[in-house]
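See structure below.
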Amino acid sequence: MAADPPRDGADAIQDAWRRELPGVPVESIGVITRIWWAAKVFGDERRRLLAKLGVDVATLDLLSTLRRSGPPYRMRAGELAEACMVTRGAITQRVERAARAGLVERTTTGSGYHARAVALTDAGNALLDRVVADLLATEDRLIGHLAPERRDQLADLLRDLLAGLDGTTVTGQVGD
């Protein structure tokens, strides 16, 4: 039988609230506090790495969304906003910044105003290849202490957790 993991700060917080408010359910602290702490570590690490690589989280999200759409790596602004889970105004700002940097270009997919689209440029594609490779290697290192089956188990548990948050729409990035 595996030994219990060592107690941590979340256990201390949970114990204190159990003592201070007897009868109030405090079990969520053990889950939610640890998720918040992990999200902070992951978010801080991501921001540090992206700053070093010269790209911000919003630009990475935009470029990644275009790349994951598959060739020709082009989407309409409304599709981008929906896929990035941000407002159309936020997408407009992201596209402006990325276009000024030469990472995306505005194109047309037909005729008329609504046929306008945003496409990934060769420079955007090259930056994304470099950034995503470094980012995924860093994230793999962050969870590398977990055995592969534990990673799968955790992914399944988090998927279940999110699926059970009825009607909650996940938008933006952690900390937005």
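The values are calculated or read from the model by the stated rules, or taken from the named source; none is laboratory data. Fair warning: this is a prediction, and the values are worked out from it, not measured in the lab. Every residue, glycine as well, gets a Cβ built from its backbone with ideal geometry; the counts of neighbours run over all protein chains shown. Heads up: the accessible areas ignore ligands, DNA and RNA and are worked out on the full protein's heavy atoms, side chains in. Shrake-Rupley method; radii C 1.70, N 1.55, O 1.52, S 1.80 Å.
Structure data summary
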| item | result |
| --- | --- |
| Unique match (being within 15 Å of the chain's Cα centre (by Cα) and hydroxyl-bearing (Ser, Thr, Tyr)) among Thr65, Thr87, Thr92 | Thr65 |
| Odd one out for Arg159, checked against (1) loosely packed, with under 11 Cβ neighbours inside 10 Å; (2) at pLDDT below 90 | (2) |
| Val24 vs. criteria aliphatic (A, V, I, L, M), in a loop (DSSP other than H, G, I, E, B) and open to solvent by 60 Å² or more (accessible area, probe 1.4 Å) | yes |
| Which numbered condition Phe42 fails, given (1) open to solvent by 60 Å² or more (accessible area, probe 1.4 Å); (2) assigned to a helix (DSSP H, G or I); (3) more than 28 Å from Ala137 (Cα to Cα); (4) hydrophobic (A, V, I, L, M, F, W, C) | (3) |
| All positions within the range 1-21 that are assigned to a helix (DSSP H, G or I) and either under 20 Å from Val132 (Cβ atoms) or open to solvent by 70 Å² or more (accessible area, probe 1.4 Å) (or both) | Trp17, Arg18, Arg19, Glu20 |
| Tally of residues being surrounded by fewer than 16 Cβ atoms within 10 Å (Cβ to Cβ) and among the aliphatic types (A, V, I, L, M) across the range 51-64 | 2 |
| Hits in the range 56-68 - residues which are assigned to a loop (DSSP other than H, G, I, E, B) and more than 16 Å from Ile91 (Cα to Cα) | none |
| Qualifying residues in the range 123-146 (those that are free of Cβ contacts under 8 Å to residues at least 24 places away in the same chain and within 12 Å of Arg67 (Cβ to Cβ)) - the one most open to solvent (accessible area, probe 1.4 Å) | Asp129 |
| Criterion (under 20 Å from Val131 (Cβ atoms), out of contact with any Lys or Arg (no Cβ under 7 Å at 6 or more places or on another chain), surrounded by fewer than 16 Cβ atoms within 10 Å (Cβ to Cβ) and basic (Lys, Arg)) met by exactly one of Arg67, Arg48 | Arg48 |
| Selection from the range 70-101 of residues that are of a type in the set (A, V, I, L, M), more than 19 Å from Val132 (Cα to Cα) and outside any helix (DSSP H, G or I) | Met75, Met85, Val86 |
| Which numbered condition Gly102 fails, given (1) touching a residue at least 60 places away in the same chain (Cβ under 8 Å); (2) touching a Gly at 6+ places or on another chain (Cβ under 8 Å); (3) of a type in the set (Gly, Ala, Ser) | (1) |
| Some residue of the range 102-109 being assigned to a helix (DSSP H, G or I) and surrounded by 14 or more Cβ atoms within 10 Å (Cβ to Cβ) | no |
| Residues within the range 32-74 that are closer than 27 Å to Leu165 by Cβ and of a type outside the set (Lys, Arg), tallied | 20 |
